[in-house]
1. Once the mean 1/r over all distinct Cα pairs of the stretch 17-58 is inverted, what Kirkwood radius in angstroms do you read off?
2. Extending each Cα 7 Å along its Cβ direction at Gln61 and Ser29, get the distance between those two points in nm, one decimal.
Amino acid sequence: MLATVVKQLKSHPALIPLFIFIGGGATMSVLYLGRLALKNPAVSWDPKNNPEPWNRIQPNQQYKLFSMNMDYSKLKKNGPDF
């Protein structure tokens, strides 16, 4: 099957950017899903030892991928410890 794809790419070189961008998009989406699964506080991989992982986040810890106008280093905790 791979030989057929290489043969088609050699005969139609205009398809090369299409394969590059689709492969790059698929790679980036898999990496983002992996980041969400590992870094998001709403995901609990070990519910016996850590049933509520969102309570372990410090007030100055950034877990979002991108934040516009938020300086997490200056935040203070407002609520009680659980």
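We did not get these values from a lab; they are worked out from the coordinates using the rules stated. All figures in this text were calculated on a predicted structure; none of them were measured in a lab. Heads up, the Cβs are rebuilt from the backbone with ideal geometry, glycines too, and the neighbour counts pull from every protein chain shown.
1. 12.2 Å
2. 3.0 nm
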